[in-house]
Amino acid sequence: MEISRAIGPLEPPPTVSRFVKHPRNWKLESQALPGRQTAHATGLLAPFPPPAGAARGHPPALSSAFYDASCPGAHDVVRRVIQDARVSDRRIPASLIRLHFHDCFVNGCDGSLLLDDDLPAIRTEKTVQANNNSARGFPVVDGIKRALEAACPGIVSCADILALAAEISVEISGGPRWRVLLGRRDGTTTNVESANNLPSPFDSLNKLQQKFRNVNLDDTDLVALQGAHTFGKVQCQFTRENCTAGQPEGTLENLDQVTPNVFDNKYYGNLLHGQAQLPSDHVMLSDAAAPATTAPIVHRFASNQKDFFGNFVASMIKMGNISPLTERDGEIRKNCRRVNSKGY
């Protein structure tokens, strides 16, 4: 397996701390993460298997083989639904990977973003500023869930659907493939306050770095994950130039003017030429702290797509490992938009 930063011999997987959710508290534990080695665009990538914890408070590691026995066709089901949706909506791959990002950055990767309002207990995260009228693809997730429930009732979580959908969306758009770590369970609540603090297109570099550090992601993760701006569209109200005279704020523009539906490293070349769309893209070069932090990484990825792909995969796996609910925590939702039973 190859995943990495391509800067020399393979290093042992780094160990970082992460917060793991439990019913009444948060516990800090260490989790081995995959090393970073150069990834091939068409090769199948798999993370180093992290060690499983045996005791309560140290849930077993996620595993790419989690559904091999209980729902062996899960990946194919998810892929088929996404490919069907992509026929009529070329934006779907970029939209689905964004859902995974915005889910993992709030309470960890627990599918909380998918929950609709169910007041008074559940306030949806879909209407916070970062998601309102921009987060999309929810009907496709619903379709995936229905197909999986028909094939393997009560087995595949909504959180894992988002993780699988993100990988498949990248791969079918020309990006790298990797073995997705699975075994997450679904949360039964939301966190609107945290969702209101998602990374913003208008954040300074310092704010972006702090928000990424809060979930144990570093500068390489920041630059690599921003690379998802290589495909999809954005409302002009969020762009660097904003909307031209007379344009509605919701007018859509391609994030990448060169290859708008392809997952590649063109985003970084655009950024170097001042052509990236979002203010939060440009701060990785223009901020006073950028030359010593993010700018060298942007230059690396612009000149070497293999380097970008390898680091993107490693960062996706690392992000997907933020605070998963496992074992008896959470639930496997029957409908991704609502919890199975109300305890209120």
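The values are calculated or read from the model by the stated rules, or taken from the named source; none is laboratory data. Everything quoted here is computed from the prediction, not taken from an experiment. Reconstructed Cβ throughout: ideal geometry from the backbone, glycine too, with neighbour counts over all protein chains shown.
In this structure, P248 does not satisfy being assigned to a loop (DSSP other than H, G, I, E, B) and either of a type in the set (D, E, K, R) or surrounded by 17 or more Cβ atoms within 10 Å (Cβ to Cβ) (or both). In the stretch 316-341, the residues that are farther than 15 Å from G111 by Cβ reach residues that are among the aliphatic types (A, V, I, L, M) and surrounded by fewer than 24 Cβ atoms within 10 Å (Cβ to Cβ) with C-beta atoms within less than 6 angstrom, at least six apart or across chains, in these pairs: K318/L33.
This table checks each residue for (1) part of a loop (DSSP other than H, G, I, E, B); (2) closer than 25 Å to D329 by Cα.
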{"position": "A94", "(1), (2)": "no, no"}
{"position": "Q129", "(1), (2)": "yes, no"}
{"position": "R136", "(1), (2)": "yes, no"}
{"position": "A147", "(1), (2)": "no, yes"}
{"position": "P153", "(1), (2)": "yes, yes"}
{"position": "E171", "(1), (2)": "no, no"}
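Considering N311, N270, the condition of being at pLDDT 95 or above and not hydroxyl-bearing (S, T, Y) is satisfied by N311 alone.
Residue-by-condition table, conditions (1) under 25 Å from I144 (Cβ atoms); (2) surrounded by fewer than 24 Cβ atoms within 10 Å (Cβ to Cβ); (3) out of contact with any helix residue (DSSP H, G or I) (no Cβ under 8 Å at 6 or more places or on another chain):
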| residue | (1), (2), (3) |
| --- | --- |
| Q257 | no, yes, no |
| N270 | no, yes, yes |
| Q277 | no, no, no |
| D307 | no, yes, no |
| F312 | yes, no, no |
| D329 | yes, yes, yes |
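Just to be sure before I move on: is I322 buried (at least 18 other Cβ atoms within 10 Å of the Cβ), out of contact with any Cys (no Cβ under 7 Å at 6 or more places or on another chain) and within 29 Å of L162 (Cβ to Cβ) in the structure I sent? When the stated conditions are applied, I322 does not pass them.
If you go through the stretch 296-330 and keep only what is over 18 Å from G174 (Cα atoms), more than 15 Å from the chain's Cα centre (by Cα) and not in a helix (DSSP H, G or I), you end up with L325, T326, E327, R328, D329, G330. With the structure loaded, tell me whether L115 is touching a strand residue (DSSP E or B) at 6+ places or on another chain (Cβ under 8 Å) and within 22 Å of P324 (Cβ to Cβ) or whether it fails that test. When the stated conditions are applied, L115 passes them. Filtering I155, I172 for residues that are out of contact with any Ser or Thr (no Cβ under 9 Å at 6 or more places or on another chain) and at pLDDT 95 or above leaves a single hit, I172.
Does V215 meet the test of being outside any helix (DSSP H, G or I), closer than 28 Å to E253 by Cβ and either in contact with a strand residue (DSSP E or B) (Cβ under 9 Å, 6 or more places away or on another chain) or among the β-branched types (V, I, T) (or both)? When the stated conditions are applied, V215 does not pass them.
The sole residue among D89, D103 that is acidic (D, E) and either surrounded by fewer than 19 Cβ atoms within 10 Å (Cβ to Cβ) or more than 11 Å from the chain's Cα centre (by Cα) (or both) is D89.
Of the residues examined, P199 is not one that is under 30 Å from E331 (Cα atoms), free of Cβ contacts under 8 Å to residues at least 24 places away in the same chain and either among the aliphatic types (A, V, I, L, M) or out of contact with any Asp or Glu (no Cβ under 9 Å at 6 or more places or on another chain) (or both). Taking the condition modelled with pLDDT of 95 or more, in contact with an Asp or Glu (Cβ under 8 Å, 6 or more places away or on another chain) and of a type in the set (A, V, I, L, M), does V234 pass? For V234, the condition - modelled with pLDDT of 95 or more, in contact with an Asp or Glu (Cβ under 8 Å, 6 or more places away or on another chain) and of a type in the set (A, V, I, L, M) - is not met.
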